[in-house]
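Notes to accompany the following structure.
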């Protein structure tokens, strides 16, 4: 039951609220693109370092078992772990390249509009 002191109002019905168009709020800019590219490149680099550490750990710690099923399951799990980390690394690297290219494209478009 609503309290009489604090009536529930729709914040979107406030006449003093000034809304910006969606295109201005989320417009792509060269600075945003390059910043996103640097963040993604950092994540790709960190993911690549993790990938190297995992691969070295797997290489230095062989599977100690005589049972064929255990060896197969362990090698399948190791392959899956390396595959997932590699996929993450590649995705972050491609996103970094794409955002950087977008930043260059937006910068060139802005320079063409000024001239």
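Only one of 102, 82 is surrounded by 12 or more Cβ atoms within 10 Å (Cβ to Cβ), farther than 30 Å from residue 28 by Cβ and under 21 Å from the mean Cα position of the chain (by Cα); which? Exactly one residue qualifies, and that residue is 82. Give the number of residues within segment 48-79 that are touching a residue at least 24 places away in the same chain (Cβ under 8 Å) and either loosely packed, with under 14 Cβ neighbours inside 10 Å or closer than 30 Å to residue 28 by Cβ (or both). Within segment 48-79, residues that are touching a residue at least 24 places away in the same chain (Cβ under 8 Å) and either loosely packed, with under 14 Cβ neighbours inside 10 Å or closer than 30 Å to residue 28 by Cβ (or both) number 2. Restricting attention to segment 105-115, the residues that are surrounded by fewer than 17 Cβ atoms within 10 Å (Cβ to Cβ) and in contact (Cβ under 8 Å) with a residue 60 or more places away in the chain add up to 2.
All of the numbers you see were taken from the coordinates with simple rules; none came from a lab. Please read these numbers as outputs of a predicted model, since none were measured by experiment. Ideal geometry is used to build each Cβ from the backbone, glycine not excepted, and the neighbour counts take in all protein chains shown.
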